[in-house]
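**Student:** Okay, handing you the structure first.
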Amino acid sequence: MYNNQCEQEKQKHVHEITGSTRIVNECGECHNHRFCTVTGEAIYTKDKCDHFHEVKFRTDFSDGHYHEFCGKTSGAIDVGGGKHVHFIKSCTREADGHKHEFQAATLIDSPTDFKCR
């Protein structure tokens, strides 16, 4: 139950992230995986000058298996208009004897939150 007497911490922003893993060719069977998730809330650096987000996802089920990932994004990358994105480049956890590399950029936070001119 919400109690307006209690101080509620304002939720920090999140980003959508979607992508595909690099193709792996194992035993002549090429395949890759797709993923789509929402980052965790912003985690600010000690000096409060930047922030990053934790990212967790499970890929789609392809070639009889899926992969998981748990890591974090880069700091904020300014794209103008007071908006930013984050970059991530890493590898999934191993499954079915292999792992996949991937790289992606988050979508802009609050993409419809802007003033019309």
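**Student:** Can you find a residue in segment 63-71 that is at positive phi, in a loop (DSSP other than H, G, I, E, B) and without any contact (Cβ under 8 Å) to a residue 24 or more places away in the chain?
**Tutor:** no
**Student:** Would you say H86 is buried (at least 16 other Cβ atoms within 10 Å of the Cβ) and touching a Gly at 6+ places or on another chain (Cβ under 6 Å)?
**Tutor:** Details: buried (at least 16 other Cβ atoms within 10 Å of the Cβ): yes; touching a Gly at 6+ places or on another chain (Cβ under 6 Å): no.
In short, no.
**Student:** Here is a follow-up. Say whether the condition of being in contact with a strand residue (DSSP E or B) (Cβ under 9 Å, 6 or more places away or on another chain), assigned to a strand (DSSP E or B) and exposed (fewer than 13 other Cβ atoms within 10 Å of the Cβ) is met by at least one residue in segment 106-117.
**Tutor:** Scanning segment 106-117 turns up no residue that is in contact with a strand residue (DSSP E or B) (Cβ under 9 Å, 6 or more places away or on another chain), assigned to a strand (DSSP E or B) and exposed (fewer than 13 other Cβ atoms within 10 Å of the Cβ).
For (1) part of a strand (DSSP E or B); (2) modelled with pLDDT of 90 or more; (3) under 19 Å from Q103 (Cβ atoms), each residue gets a yes or a no:
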site	(1), (2), (3)
Q5	no, no, no
E9	no, no, no
V14	no, yes, no
G19	yes, yes, yes
N25	yes, no, yes
F35	yes, yes, yes
K48	no, no, no
F57	yes, yes, yes
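**Student:** Would you check which residues across segment 37-46 are among the hydrophobic types (A, V, I, L, M, F, W, C) and assigned to a loop (DSSP other than H, G, I, E, B) and list them?
**Tutor:** Taking segment 37-46 first, the residues among the hydrophobic types (A, V, I, L, M, F, W, C) are 38, 42-43.
Listed by number, the list holds a single entry, A42.
The values are calculated or read from the model by the stated rules, or taken from the named source; none is laboratory data. Keep in mind that what you see is a predicted model, and the values were worked out from it rather than measured. Neighbour counts run over all protein chains shown; Cβ positions are idealised from the backbone, glycine included.
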